[in-house]
Amino acid sequence: MGDSEVTIKLTSDEALALSDWLEKLQMTDLSWVVDDPAVWAPIHRIAGTLDK
């Protein structure tokens, strides 16, 4: 796939709700929800972007 990027557009309210949910996901032992370690990298990247 290369280095192509994907842009996701959210309203401020949607971004806030997603940011809150991702924080809870990261702080809770929900390995049964995200059981693939490769998925955590984009989750952390999205969460970091939303925190800005």
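For this structure, a couple of remarks:
- Contact map, the stretch 31-52: residues that are free of Cβ contacts under 8 Å to residues at least 60 places away in the same chain paired with residues that are in a helix (DSSP H, G or I) and open to solvent by 70 Å² or more (accessible area, probe 1.4 Å), Cβ distance under 7 Å, separation 6+ or inter-chain. Pairs shown: Ala47/Glu23.
- Here Val33 passes the criteria (1) under 9 Å from the mean Cα position of the chain (by Cα); (2) at pLDDT below 85; (3) among the β-branched types (Val, Ile, Thr) except the one numbered (1).
- Test: residue in the stretch 41-51 that is within 9 Å of the chain's Cα centre (by Cα), open to solvent by less than 60 Å² (accessible area, probe 1.4 Å) and not small (Gly, Ala, Ser): yes
The values are calculated or read from the model by the stated rules, or taken from the named source; none is laboratory data. It should be emphasised that the depicted structure is a prediction, and the values quoted were computed from it without experimental measurement. For neighbour counting, all protein chains shown are included, and Cβ atoms are generated from backbone atoms with ideal geometry for every residue, glycine included. Side chains included, ligands, DNA and RNA excluded: accessible areas come from the protein's heavy atoms. Shrake-Rupley method; radii C 1.70, N 1.55, O 1.52, S 1.80 Å.
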